[in-house]
Every structure is written in C-alpha cells, then in structure tokens.
Amino acid sequence: MTITTAATAGSVTDAELDARFRPVFDAIAGGATEREVDRRLAHDEVHKLREAGLGALRVPVEFGGLGASVRQQFRLLIDLAAAESNLPQALRVHFSFAEDQRLAEPSDERDTWLRAVAGGVLVGNAITEPGVGAVDRYQTRLTPKGDGWVLSGTKYYSTGSLYSNYILVAADKDGERVSVLVDADADGITQHDDWDGFGQRLTASGTTEFNDVIVTADRILGPGYGGAGKTYATSYLQLVQLAVLAGIAQRATDDTAQWVRDRTRSYTHAAADLPREDPLVQQVIGKLSAAAFTARTAVLAVADILDEVLVDATTAADPELLDRAELAAAQAQLTVIDLVLRATNDLFEVGGASITSESLRLDRHWRNARTISVHNPTIFKSQAIGANVLNGTELPFAWSAGNR
C-alpha cells in the first residue's frame, strides 16, 4: 500500500483548511490573555481543535484524515501559535506519533491507530527525565510480569499529556530504548501540572509518575527517542517549536500595533502628535512585522524539505534527505530564535510605562519565546552547524539530557 501525500490530486486546499480552522483559532485567541492571567489549562480549546480535526491533519484521507501536506500543517501551526502559543507545543509529539503511523508498514494495528487519530484521539508524551536523566539509559523501566510488562518511573516535561488520551513513554527495556503507549487514565499513572517555567505555562508540561502500569506487548512500539541513527523526528519536532516562535512574533506584532493605534498619549519631544504617526514608532512596528514574516518564511522553507522527506518510508530513511532537513532546521533555529527574541523585547519601545500593564500581558510574548527557545540551546546548535560546514562532522539527531 502506498500512502499518497497532500501534494497529489484530490488533496485538501489551503482555502478549505482556512475555512475549517480559522474560526476555531479566532475563538481560541479571544481568551489567551485571560488564560495566561488565571493559569487555566486550555482543555476547552483543545477540545475545539480535536473536534475540528487538527490532530488528523496529516492522516491520509482513506483513514478519515485531512491528507494535508507538511507545509499546510506548519502554516496552520504558526496561525494556531499566534492564537495560543501553548497549544502547538502541547500537541508536538502527537503530530510526530501520527507521522510515524503514516510511515509505518501497513498492518491492522497501524490502520487502527490512524483511524483513532482521525477520530480525535490525541497522544501526549513522557520522554524527559529529571535528575540523572537518560544520557546512559532511561531510568523509567519496562520489566516483565506474568504474560506482559509493567512500567515504572518518573518523567518531567510531559508536554500535552494532561490534554491527551494516550501517553507515549520513553523507557528502558533491558538496555534497549523503547516507546510505550499507555492510556492516560490507566491505573498507576499520576499526572501533575507542576511545570514552573516563567513561560509556556499552559502546555501541561509537568511531572508524570508511572507506578507498575500494566503494558501489553502490542503497546511496545519499537525504538525509543534518543536511539542511534538518523531520523526525521529531530528536525520535525524542532520545527514545531520554530512554528510556535513564528506565531508568537505574529501575535506580538498584532497586539502591539493595535495598542499603538488606540493610543493618544505621546511625548513633548516626539516626532508626531499621535504615536501611530510617529516615524520612530512606525520603525518598531516595521521591524516586528519583518521578524514575523521572516520567521514564518523560514519555518515553511524547512517544511517544504520535510515534504520531500516524508513522502513514504523509503524517503524518510534517505540519509541525504535527512541530513538536508536536519541542517535546514538547525539553521532556521538560529535565525528564528534571534529574530523573535529581539522583536518581543523591542516591542516595549513604542510606549511608556503603561505598555507594561499586567492587563495587557505583552510580556508573555517574550517569556513564551524565551522559554521555548531554550529547549535546544543555540550554543550547541551553532557549534554543530559550524563543525558540519567546516569538517563534514555529522549533525546530532535525537539526543538525551542528563548527567554524563
């Protein structure tokens, strides 16, 4: 069976996707500031996205999905991030899971999961571990018990799991890294909304405890994150974060421009009576808009490469294509992060102390951008790019964090 991409005839169009999702995104955007103030997890908003079929964007039409291209998916993720930056990040591993199923060898199990995703099922993750971490091996263990297995351990940064039906867990199985899929409400699982970062507070990125959770053999899906070898997943997951940054830049531009339009106070030494007519203020808005445009363009350029990678299982294993996608995502990371952090800092230059009002929460744009930017520190990424360009050194693909 060959799975066609959205570039083939009969694919969903951009106009169809906009008609389906733009009203949902607009509704979500309307409550973003209040959710930030109240720290209210976006369960209702995730439900709206589930009903609209966002989680099934890349699921082929024959399984009930929308059959979107990678470019179309990331265009929508940028727009969603502009509405609510927490949500694309919360769904990041879900999209990767759906992509893995799309690329998998045809089987009843694969088809079941594709149809489940098309029906609205969402998958969260529990990969990263606190403390010693998983540089050597995961501390979360899958051990045999009776006819099956039990899963025990503690994970942090369990992004999106509180919004999800299933949790994809990275675990150690007698020295082997494996992925385990468990029901989010299974006995022995305790989830906490204890993520204490100063940004991206509504991603549900807290601690998850697994205490002798029963696992059947069909829920052990294969190699776990951080295994050796090249994979599309590193660039793909990185690109979701960059789409979030592009969306933050767009929302920061829109929010700041609206604040300037409505403002009548200025300074005695300003160049115009109204801020919106002041050429210095216009310059700031111009730079904000350019940052949003450039970030979006960079993300979509990498998405175009991933469309070539993710045609089928053969192209997704092509080392040259994977190298190309990984390098492009790394280069985009350095550019997008720098642009968006500078823009979300400089936006405050358009006004006096009133622009720092808690009621506006314009600081959330910088806090969210700064928080998502540290997931893969640019100091390591820039060095890896330089070594690759100068010496042909292999780029790092999936990696783990912890004590070495």
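Between the range 22-42 and the range 311-334, the C-alpha centres lie 34 angstrom from each other. Here the accessible area of the chain is 51 percent carbon and sulfur, with a 1.4 angstrom probe and all protein chains present.
What percent do you get for the relative contact order of the range 1-102 when only Cα pairs under 8 Å and 6+ apart count?
On the way: 82 pairs, mean separation 32.5, N = 102.
Relative contact order for the range 1-102 comes out at 32 percent.
To the nearest 0.05, how large is the calculated FRET efficiency for Asp312 and Thr112 if R₀ is 25 Å and r is the Cβ-Cβ distance?
FRET efficiency, Asp312 to Thr112: 0.80.
If you work out Kirkwood radius over Cα pairs in Å from the coordinates, which of (1) 26.8; (2) 22.1; (3) 20.8 do you get? Of the labelled values, this structure produces (2). Rolling a 1.4 Å probe across the protein heavy atoms gives the chain an accessible surface of 44 Å² per residue.
Summing +1 for each Lys or Arg and -1 for each Asp or Glu among the other residues whose beta-carbon sits under 14 angstrom from that of Asp278 gives +1. Here is how the number arises for the chain: DSSP H runs of 4 or more residues each give -39500 (n - 2.57), the sum is divided by the residue count, and the result at 222 nm is -15500 deg cm²/dmol.
Computed with a 1.4 Å probe on the full set of protein chains, the accessible area for Ile379 sits at about 120 Å².
By the rule of a C-alpha distance below 17 Å, with chain neighbours fewer than 8 residues away ignored, the aspartates and glutamates paired with Lys381 are Asp323, Glu326, Asp338, Glu394. Residues whose amide H lies under 5 Å from that of Trp149, counting only those 5 or more places away or on a different chain, are Val215; hydrogens are built 1.01 Å from N in the peptide plane. Once both labels are positioned 7 Å from their Cα atoms along Cα-to-Cβ, the gap between Leu334 and Asp212 label points is 5.2 nm. Under 11 Å from a point placed 7 Å out from the Cα of Val135 along the Cα-to-Cβ direction: which residues of the range 366-400 have their backbone N that close? Answer for this model: 400.
The values are calculated or read from the model by the stated rules, or taken from the named source; none is laboratory data. Everything numeric here is computed off the predicted structure, so don't read it as measured data. All Cβ positions, even for glycine, are placed from backbone atoms using ideal geometry, and neighbour counts span all protein chains on display. The accessibility values were calculated without ligands, DNA or RNA, using every heavy atom of the protein model including side chains. Shrake-Rupley method; radii C 1.70, N 1.55, O 1.52, S 1.80 Å.
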